[in-house]
Amino acid sequence: MATIKDVAREAGVSVATVSRVLNNNGYVHEDTRVLVNEAIRELNYKPNEVARSLYKKKSRLIGLLLPDIRNPFFPELARGVEDEMQAKDFRLIIGNADEKPSKELDYIDTFIQNNVIGIISATNHTKRDHYNNLSLPVVFLDRTSNDHPSVFANGMEGGKIAAREMVKRGCKRITLLKGPGELQTAQDRFKGAIEELCVSDVNFNVMATSSFSFAEGEKSAKILFKDFPDTDGVIASNDAAAAAILHEALRIGKAIPEDLQIIGFDDIPLSSLLFPPLSTIRQPAYEMGKEAAKLLIRLINNEHVAEKNIQLPVSFIERQTTRKVDDNG
Ligand code: RIB
């Protein structure tokens, strides 16, 4: 890979002259600038972003921390962040924390060592002190913090909608999956659903799950039909769990949605491809990512920010794991 010295040699100028052309600072004769740019093209030279950021003392690098890159919800978030950052000439360093505080801390150190100028974090570790001590702007995404700028969806409303739609469709014995108790997003949607179910005439039971992963969903599905074989409606904690429950229900011969109705939460791209396609609560993940990027850029540029906690609406996506309302007479 060509270095700045190779470019200087090719153009017949000093390294300092090449640096002035790259950083667009200091006087460079137009003919010399042409020679340097020709040498850069000829050698396909790519400036070392970290070295350049150290020189300019201000990089264009942003750290994005995701909790589980195997869950399709998070790439949707990341894409929204990346599109906005790319459009504004920033670049991402992405870390996967695996929902582990130790790994999260490691990535924060990595971000700092790479001279990032801002961090977007979809974490949920209640201890925020490792963020409070940072001397750069942080935006929390999906998983929020009252004392930090955050972008998130209205999880409580999503839980209410899911419960309301199931009651409306005639479910009488609902199983409500409670997502990982330590995550605010799981708590919010669970609280919303519980509030709605408690004022209905429906029997319901709660099943706790320890993670939002597909593996946990598969485990929960087997337990669910063993412990609650006559359930006629499942409100899942997220689409990964809903997909696993749908798979297990079909495997044991249940007709969907005639015998069992299922609602997920997230609306990941996979959900519309399941058979039957999954009814779910849509979180606007891409838009959430984009809003988080816009908020962080405003903070980096020290612009006035009217609202530092941005909540986006959710919506019910009716597909075919729930009955049509008029089917219930
Ligand atoms: O599916 C992953 C879940 O974790 C989503 O519901 C999202 O809200 C995140 O918190």
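Just so it is clear, none of the values below were taken in a lab; they were calculated from the coordinates. As the structure is a prediction and not an experimental result, all values here were calculated from the model. We place every Cβ from the backbone using ideal geometry, glycine too, and count neighbours over all the protein chains shown.
Quick notes
- Diagonalising the gyration tensor over the Cα atoms of the chain and scaling each eigenvalue by 5 before taking the square root yields semi-axes of 50, 20, 17 Å, largest first.
- Mean shadow area of region 1-152, taken as a quarter of the surface of its Cα convex hull (nm²): 10.7 nm²
- Relative contact order of region 4-47: 44 percent, from C-alpha pairs under 8 Å at least 6 residues apart in sequence.
- Whole-number D in µm²/s for region 96-207 (Stokes-Einstein; Kirkwood sum over Cα pairs; 37 °C, 0.692 mPa s): 206 µm²/s
- Only one residue of Gly26, Asn133, Ile256 has its Cα farthest out toward the positive end of the dipole of the chain, where Lys and Arg carry +1 and Asp and Glu -1 on Cβ, and that residue is Gly26.
- Förster-model FRET efficiency, 45 Å R0, Cys198 and Ser272, C-beta, rounded to 0.05: 0.90
- Sum of side-chain charges, Asn44 neighbourhood, beta-carbon under 14 Å (Lys, Arg +1; Asp, Glu -1): -2
- In percent, rounded to a whole number, the relative contact order of the chain is 18, using alpha-carbon pairs under 8 Å and six or more apart.
- Computed over neighbours whose Cβ is under 14 Å from that of Ala11, the net charge equals -1, Lys and Arg +1, Asp and Glu -1.
- Selection of GluC sites (Glu not before Pro), region 122-199, meeting DSSP coil and at most 14 other Cβ within 10 Å: Glu182
- C-alpha long axis of helix 101-113 to longest principal axis of the chain, angle in °: 20 degrees
- Each Lys or Arg adds one and each Asp or Glu takes one away; over the other residues whose Cβ falls under 13 Å from the Cβ of Ala243, this sums to -4.
- Taking only the C-alpha atoms of region 4-47, the Rg (one decimal) and the largest Cα-Cα distance, Dmax (whole number), read 8.9, 24 Å.
- Lys/Arg +1, Asp/Glu -1 at C-beta; the chain dipole; positive extreme among Ile174, Ala186, Gly118: Gly118
- Cα centroid of region 95-154 to Cα centroid of region 253-329, whole Å: 23 Å
- Nearest 10 degrees, 0 to 90: helix 285-300 Cα axis against the chain principal axis: 40 degrees
- Computed E for Leu134/Asn24 - FRET, C-beta separation, R0 25 angstrom, nearest 0.05: 0.30
- Using a Gaussian network model of the chain in which every pair of alpha carbons under 10 angstrom is joined by a spring, one finds that among His304, His148, His125 the greatest mean-square fluctuation is at His304.
- A Gaussian network model of the chain, with springs between Cα atoms under 10 Å, assigns the largest mean-square fluctuation among Arg282, Arg128, Arg91 to Arg128.
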